[in-house]
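Structure, as structure tokens:
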Amino acid sequence: MNSTIIAGLIFVLTYAAIVAFKKAKTQILWIGVGAGLALGFIHAPDFIHDINWNVMGIFAGTLILSEFFILSHVPDAISTVLLRKTRTVGTAYLAVCIFSSILSVAIENVATVLIIAPIMIQLSKKIGVSPVPGVIGIAIASNLQGTATLIGDPPSMILANYMRMNFNDFFVYHGKPGIFFAVQVGAIGSMLFLYWYYNRYKNPIDFKGRVEIRSYIPTVFITLMVIALTLSTFVDPDFKWFGGFICMFLAVLCAVFSTRFTTADERRWVAVKYDFGTTAFLAGIFLMVGMLERTGVIEVFAHFLARNIGDNPFVAFSVVVWGSVAFSAFIDNVPYLTAMIPVVQLMSDSLGINVELLVFGLLIGASLGGNITPVGAAANIVGVGTLKKHGYNVSFGEFAKIGLPFTVIATALGSLFIYFVWN
């Protein structure tokens, strides 16, 4: 049995175990990495070369800044202002969903859900309605807009790494409208769906609550981070180090300045709450995909797809987009997207298709497909978990009733935009 087959089996078995035992996905992934190490498919230097430390730094820095942003009460205050200006439960749901989507453009979407979901739950308790439709909307709206920029979600960071895209490339890439605008086209349709869906909740509300802002310091640092990433193309055009460095640097500065508005217990809690599991998972994914590239698994799979899809660009694009939606509805989009980017790159060479067409379609499908089910994306899991802590259980059917049409509309519109711009 050659190395290609063995490495492929390690990946398939690891992936299957991750799908079956989601709660232990990080441990399972590293068992797979350990198998690769034991068989000589991964070596010690690969820990330096395969792991993209720039992406890791952007993820870690953004997550730390998000935690201090929550403690500052700025998001809470903005949401409260929005709610005070709404007249019905439906418009309150929609207003908070729109705010969460805007926040996710610059803040990792799991952090956005952590910020906004408790506000929705408290509001719902005060006005005597279920928070379930609102929290589901928050999660899926956050996932959608998290795709729009480099810093919104790990899949976008991973795509940027492979394509050597900087922050600005998500807006304009090679002189054409980028992923950001494809997401906005999808958002128009999906938000119109939410407007229609929430219109059934006509209960009047009269919310008078107020929130005291503790500090604007995290807001300033997040703003600086966005500005720095916007200008990063002039410092680091190959996307190798600057983004990760600046995000971590600003996170450390924010932690230092946070002593002005947080307690020692709160700062310890930020350290305790840091998502080490996802950080380790991302690192392991880079190693696993590096193993697949070296052993030829990705090349074999890409040629198989190219032979069986045919040479029609629209068919190839549709298979990539909607296949990604189907996979990502039930499995983590980070390992799927990381493994598939080099596959679609090779497919584009074999079929003579613009690589941007397939990789952008891949990102849209993989990122939005997770909105269909409560286990398809980390933000969904966090939102449903928050509801459960407050006594609200969410079934697959209840989640999909909102998530499925939202996903189909957003994906169809966004992918058509990509096809007509990049074909």
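Based on this model, can you work out whether PRO335 counts as surrounded by fewer than 21 Cβ atoms within 10 Å (Cβ to Cβ), of a type outside the set (Val, Ile, Thr) and over 16 Å from GLY186 (Cβ atoms)?
For PRO335, the condition - surrounded by fewer than 21 Cβ atoms within 10 Å (Cβ to Cβ), of a type outside the set (Val, Ile, Thr) and over 16 Å from GLY186 (Cβ atoms) - is not met.
Somewhere in the stretch 13-22, is a residue closer than 30 Å to CYS247 by Cα and assigned to a helix (DSSP H, G or I)?
Yes; the residues of the stretch 13-22 include at least one that is closer than 30 Å to CYS247 by Cα and assigned to a helix (DSSP H, G or I).
Which numbered condition trips up VAL355, out of (1) under 19 Å from the mean Cα position of the chain (by Cα); (2) modelled with pLDDT of 85 or more?
Condition (1) is where VAL355 drops out.
Mind checking which helices (runs of 4 or more DSSP H) fall wholly inside the stretch 31-116 and carry at least 3 residues that are buried (at least 21 other Cβ atoms within 10 Å of the Cβ) and of a type in the set (A, V, I, L, M, F, W, C)?
By residue number, 53-72, 89-104.
Please indicate, with yes or no, whether at least one residue in the stretch 266-289 is buried (at least 17 other Cβ atoms within 10 Å of the Cβ), modelled with pLDDT under 85 and touching a Lys or Arg at 6+ places or on another chain (Cβ under 8 Å).
The answer is yes, given that some residue of the stretch 266-289 is buried (at least 17 other Cβ atoms within 10 Å of the Cβ), modelled with pLDDT under 85 and touching a Lys or Arg at 6+ places or on another chain (Cβ under 8 Å).
Would you say LEU404 is over 12 Å from THR373 (Cβ atoms), hydrophobic (A, V, I, L, M, F, W, C) and either modelled with pLDDT of 85 or more or in contact with a strand residue (DSSP E or B) (Cβ under 7 Å, 6 or more places away or on another chain) (or both)?
Here the answer is no, as LEU404 does not meet what is asked.
Which of (1) in a helix (DSSP H, G or I); (2) more than 15 Å from GLY146 (Cα to Cα); (3) out of contact with any Phe, Trp or Tyr (no Cβ under 8 Å at 6 or more places or on another chain); (4) among the β-branched types (Val, Ile, Thr) is the odd one out, the single condition VAL359 does not satisfy?
(3)
Can you say whether SER318 is part of a helix (DSSP H, G or I), out of contact with any Asp or Glu (no Cβ under 9 Å at 6 or more places or on another chain), surrounded by fewer than 24 Cβ atoms within 10 Å (Cβ to Cβ) and among the hydroxyl-bearing types (Ser, Thr, Tyr), as far as the supplied structure shows?
yes
Looking at the structure I just gave you, is VAL421 in contact with a strand residue (DSSP E or B) (Cβ under 6 Å, 6 or more places away or on another chain) and either farther than 24 Å from LYS273 by Cα or part of a helix (DSSP H, G or I) (or both)?
Yes.
Out of all the residues in the stretch 127-175, which are of a type in the set (Val, Ile, Thr) and more than 21 Å from VAL382 (Cβ to Cβ)?
ILE127, VAL129, VAL172
This table checks each residue for (1) loosely packed, with under 15 Cβ neighbours inside 10 Å; (2) at pLDDT 80 or above; (3) among the small types (Gly, Ala, Ser); (4) closer than 25 Å to PHE171 by Cα.
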site	(1), (2), (3), (4)
MET191	no, yes, no, yes
LYS208	yes, no, no, no
VAL211	no, no, no, no
SER215	no, yes, yes, no
SER232	no, no, yes, yes
ASP238	yes, no, no, yes
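Does ILE42 qualify as being closer than 17 Å to ILE285 by Cβ and either aromatic (Phe, Trp, Tyr) or more than 24 Å from the chain's Cα centre (by Cα) (or both)?
When the stated conditions are applied, ILE42 passes them.
Give me a count of the residues in the stretch 366-401 that are in a helix (DSSP H, G or I) and over 19 Å from the mean Cα position of the chain (by Cα).
Selection size over the stretch 366-401: 7.
Criterion first (in a helix (DSSP H, G or I) and in contact (Cβ under 8 Å) with a residue 12 or more places away in the chain) does LEU9 satisfy it?
no
Given the conditions (1) touching a helix residue (DSSP H, G or I) at 6+ places or on another chain (Cβ under 6 Å); (2) surrounded by fewer than 19 Cβ atoms within 10 Å (Cβ to Cβ); (3) not aliphatic (A, V, I, L, M), which single one is not true for LYS389?
Answer for LYS389: the failing condition is (1).
Looking only at the stretch 153-166, which residues are farther than 13 Å from ILE364 by Cα and in a loop (DSSP other than H, G, I, E, B)?
Within the stretch 153-166, ARG164, MET165, ASN166 qualify.
Between ALA339, ALA306, which is without any contact (Cβ under 8 Å) to a residue 60 or more places away in the chain and farther than 20 Å from LEU413 by Cβ?
ALA306
Out of the stretch 291-305, which residues are surrounded by fewer than 20 Cβ atoms within 10 Å (Cβ to Cβ) and among the small types (Gly, Ala, Ser)?
Hit for the stretch 291-305 is GLY296, nothing else.
The values are calculated or read from the model by the stated rules, or taken from the named source; none is laboratory data. Owing to the predicted nature of the structure, the values given are computational and were not obtained by experimental measurement. Here Cβ is always computed from backbone atoms with ideal geometry, including for glycine, and neighbour counts include all displayed protein chains.
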